[in-house]
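Peer 1: Attaching a single structure in structure tokens format; questions to follow.
The values are calculated or read from the model by the stated rules, or taken from the named source; none is laboratory data. Since the structure is predicted, the reported quantities are computational estimates derived from the model, not experimental observations. Because the Cβ atoms are built from the backbone with ideal geometry, glycine has one as well, and the counts that use them run over all protein chains shown. Protein only, heavy atoms only, side chains kept; ligands, DNA and RNA dropped before computing areas. Shrake-Rupley method; radii C 1.70, N 1.55, O 1.52, S 1.80 Å.
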Amino acid sequence: MTEQNQGWVKRSLEPGERMGEILFGLIMVLTFTLTAGLSVREGSEGVHELLVAAIGCNIAWGIIDGVFYVMGALFERGRQHRLLHALRTAPSEEAATAAVAGELDGTLGDVSTEGARRQLYLDIVRVVSRSSPPKNHITRADLLGAVASFWLVVLSTIPAVVPFLVFREEPRFALRVSNGLLLGLLFLVGQRWAKFTGGSRWLTGLALTLVGGVLVAIAIALGG
């Protein structure tokens, strides 16, 4: 991925969203590669079917994730619009301020004084009462976020595919390399996750690898 593309994806998705999409893609591919022994034993045709299935599955789920991203963005803006409507139609300024406090106290309570929050909430109510919210429709940012979600899920398939292209004559060895790469990427994503959560890089990496393995096992057991 080029620096330009990285910048575009970073602008479109929050760190947690990016890592979540990558994790989802890796786990989906692992459900194929960890149960691929029979396909590999069937020779090159079985390997080809495995790769097509893994890539096709992640493309399909990438599309679904993109659609869900747009739906989530519309839902969140709709929630905000409902709050704004409630503020404009509140019976009194005090009732409107209380509604804002219910939304923001959980976020601002530990980093501000009660007096500062009260003044902020009053300002919000007064500004909202003089404005009308824009219509809730799909935006360019929504579409970029959807494409970024799709891109990350599909991109996660590449590490699983490359070993089979490099070691064409040794499919079982390629399978081991593929699984090793995917598990290693789960660990690296876990280390990256620790940067944003404040946890231990090694423990978070190991924990995320373990959780990923458990989720794959559950998916396989349920026929996923």
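Peer 1: Go over the candidates 185, 203, 143 one by one and state the one that is open to solvent by less than 90 Å² (accessible area, probe 1.4 Å), part of a helix (DSSP H, G or I) and not β-branched (Val, Ile, Thr).
Peer 2: 185
Peer 1: Which of the residues belonging to region 147-182 are outside any helix (DSSP H, G or I) and open to solvent by 40 Å² or more (accessible area, probe 1.4 Å)?
Peer 2: Here is the first cut: in region 147-182, the ones outside any helix (DSSP H, G or I) are 156-157, 167-170.
Those that are outside any helix (DSSP H, G or I) and open to solvent by 40 Å² or more (accessible area, probe 1.4 Å): 167, 168, 169, 170.
Peer 1: Could you look through region 208-224, keep only residues that are assigned to a helix (DSSP H, G or I) and open to solvent by 50 Å² or more (accessible area, probe 1.4 Å), and pick out the one that is modelled with the highest pLDDT? Talk me through it step by step, then tell me what you get.
Peer 2: The initial filter retains those residues of region 208-224 that are assigned to a helix (DSSP H, G or I), namely 208-221.
Checking the rest, the ones that are also open to solvent by 50 Å² or more (accessible area, probe 1.4 Å) come to 210-211, 214-215, 217-218, 220-221.
On the way: 210: 85, 211: 82, 214: 81, 215: 72, 217: 73, 218: 74, 220: 64, 221: 69.
The selected residue is 210.
Peer 1: What is the one condition in (1) surrounded by 12 or more Cβ atoms within 10 Å (Cβ to Cβ); (2) charged (D, E, K, R); (3) more than 30 Å from residue 34 (Cβ to Cβ) that residue 135 does not satisfy?
Peer 2: Here residue 135 meets the rest and fails (1).
Peer 1: Another question, then. Does residue 90 qualify as being within 30 Å of residue 9 (Cβ to Cβ) and open to solvent by less than 60 Å² (accessible area, probe 1.4 Å)?
Peer 2: No.
Peer 1: Would you confirm, using the coordinates I've provided, whether residue 101 is more than 25 Å from residue 190 (Cα to Cα), within 21 Å of the chain's Cα centre (by Cα) and at pLDDT 85 or above?
Peer 2: Spelling it out, it is not the case that residue 101 is more than 25 Å from residue 190 (Cα to Cα), within 21 Å of the chain's Cα centre (by Cα) and at pLDDT 85 or above.
Peer 1: Name the one entry in 115, 78, 20 that is modelled with pLDDT of 85 or more, in a helix (DSSP H, G or I) and closer than 30 Å to residue 194 by Cβ.
Peer 2: After ruling out the rest, the residue left standing is 20.
Peer 1: Name, by its number, the condition in (1) open to solvent by less than 40 Å² (accessible area, probe 1.4 Å); (2) touching a Leu at 6+ places or on another chain (Cβ under 8 Å); (3) of a type outside the set (Lys, Arg) that does not hold for residue 103.
Peer 2: So the condition that residue 103 fails would be (1).
Peer 1: Scan region 108-130 and give yes if some residue there is under 24 Å from residue 71 (Cα atoms) and either open to solvent by 60 Å² or more (accessible area, probe 1.4 Å) or without any contact (Cβ under 8 Å) to a residue 40 or more places away in the chain (or both), otherwise no.
Peer 2: No, because not a single residue in region 108-130 is under 24 Å from residue 71 (Cα atoms) and either open to solvent by 60 Å² or more (accessible area, probe 1.4 Å) or without any contact (Cβ under 8 Å) to a residue 40 or more places away in the chain (or both).
Peer 1: Let me spell it out: the conditions are (1) surrounded by 20 or more Cβ atoms within 10 Å (Cβ to Cβ); (2) modelled with pLDDT of 80 or more, and residue 39 meets all of them except one. Which number is the exception?
Peer 2: Result: residue 39 fails condition (2) only.
Peer 1: Would you mind telling me which numbered condition in (1) in contact with a helix residue (DSSP H, G or I) (Cβ under 8 Å, 6 or more places away or on another chain); (2) part of a helix (DSSP H, G or I) residue 133 fails?
Peer 2: Here residue 133 clears every test but (2).
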